[in-house]
Amino acid sequence: MLRQPPPTSPDVPMRFLSTRELALRGVGRQRVRRGLQDGSLLRVRRGRYLLAGCHPDIVRAARLGVRVDCVSLLALLGVFVMDHNRLHVQATNGASRLPPRPPDVVCHWRPSSAEPTHLMTDVVEALAQACRCQGPREAIATLDSAWYRGIVDEKGVAAVFALLPRRFQRLRPLVDPRCESGPETIMRLLLRGLGCTVEIQVSISGVGRVDLVVDGWLIIECDSEAHHAGWEAHKRDRRRDLAAAALGYTTVRPIAEDILYRREQVLAQLKQILAVGPTTPRAQLLTHVPAR
């Protein structure tokens, strides 16, 4: 019945439709009633409507009279967040007559630059809130992901830190948009904590581009099911590993799940690998150049 082009993805609309706006579009009460009956229109609150097909989190927030915020909004936009099992929303300080919120809804009470009709907070505000709601490594991974995906640029990242307390400023130099996944960022930060030199997205002659090169000899590929499913992908990876080994590199492939949820075990294993050291003197490993 109605079509409203979304700004980000098909199930993330920017704002709800009011009765007045529908009327201005020539959608009278009869068409609204028909839309509610055929399911193409949803009434989320009195005088507020959404087009059918919206993401459930958007619908829930709209029915609660709040905006999707923080890790929940970022997850909808495809940005890495560590955990978004609960719905994070934003409500303006002093807002009244809001329905009771279920236990799995986290409400952030603060002002927002978003328009009153908007269903989502501003993405910079959401990123700043996500930094508060996550640990330091996870916050950096979220910022890396948002920058890599083009959700924000360098100015946007600066705007995020402008909204955060001083204690967060030490994280700013660690943000790097070259990291292509959350697990890759987490791994980079773990290795940095060990005092390693870490190069990101490195092109190696005869091998191709790899996620990380550590101390000039250890290749780390942060594998996930989404990007390494199927036998063809495994064959390609094994051929690359053999080519790297022929050049004197050692390749390890920790899986994303372990990097995120079994970090202590992964870290202990990396320490052992690094303690053994390279089989080829580092001076001879001159076949790679950092990817631009």
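What follows draws every value from the coordinates through simple rules; no lab data is involved. All of these numbers come straight from a predicted model, not from anything done at the bench. FYI the Cβ positions are ideal-geometry reconstructions off the backbone, even for glycines, and counts take in every protein chain you see.
How many angstrom lie between the C-alpha centres of the range 257-276 and the range 76-124? What the calculation gives is 36 Å, centre to centre.
Under the 0.36 nm per residue contour assumption, what length would be gained going from the current alpha-carbon distance of ASP83 and ALA245 to full extension?
Length gained between ASP83 and ALA245: 54.7 nm.
Between VAL252, VAL157, VAL59, the Gaussian network model of the chain with springs among Cα atoms under 10 angstrom shows the greatest mean-square fluctuation at VAL252. If a/c stays under 1.5 just call it rounded; otherwise compare a/b with b/c (prolate if a/b is bigger, oblate if not). Do that for the chain, with a ≥ b ≥ c from the square roots of the Cα gyration tensor eigenvalues. Prolate is the answer for the chain, as a/c is 1.5 or above and a/b outweighs b/c.
Taking every DSSP beta bridge that has both ends in the chain, the antiparallel portion is near 70%.
Once both labels are positioned 7 Å from their Cα atoms along Cα-to-Cβ, the gap between ARG263 and ASP153 label points is 3.2 nm.
Using the Cβ-Cβ distance between THR117 and ARG166 with R0 set to 35 Å, the FRET efficiency works out to roughly 0.55.
Overall, the chain carries a charge dipole of about 1420 debye about its Cα centre when +1 sits on the Cβ of Lys and Arg and -1 on the Cβ of Asp and Glu, all other atoms neutral.
Note on the chain: GNM, Cα springs under 10 Å; of GLN169, GLN90, GLN37, the largest mean-square fluctuation is that of GLN37. Ordering LEU119, THR250, ILE186 by Cα displacement along the dipole of the chain toward the positive end leaves LEU119 in first place; charges were set at the Cβ atoms of Lys, Arg (+1) and Asp, Glu (-1). Taking Lys and Arg as +1 and Asp and Glu as -1, the other residues whose beta-carbon sits under 10 Å from that of ARG63 total +4.
Under the 0.36 nm per residue contour assumption, what length would be gained going from the current alpha-carbon distance of SER40 and ASP104 to full extension? The partial results should precede the final answer.
Numbers: separation 64, 0.36 × 64 = 23.04 nm, distance 2.76 nm.
Length gained, SER40 through ASP104: 20.3 nm.
Comparing mean-square fluctuations of VAL214, VAL71, VAL276 from a GNM of the chain with C-alpha springs under 10 Å, the top value falls on VAL276. Computed per residue of the chain from DSSP H runs no shorter than four, each worth -39500 (n - 2.57), the mean residue ellipticity at 222 nm is -11500 deg cm²/dmol.
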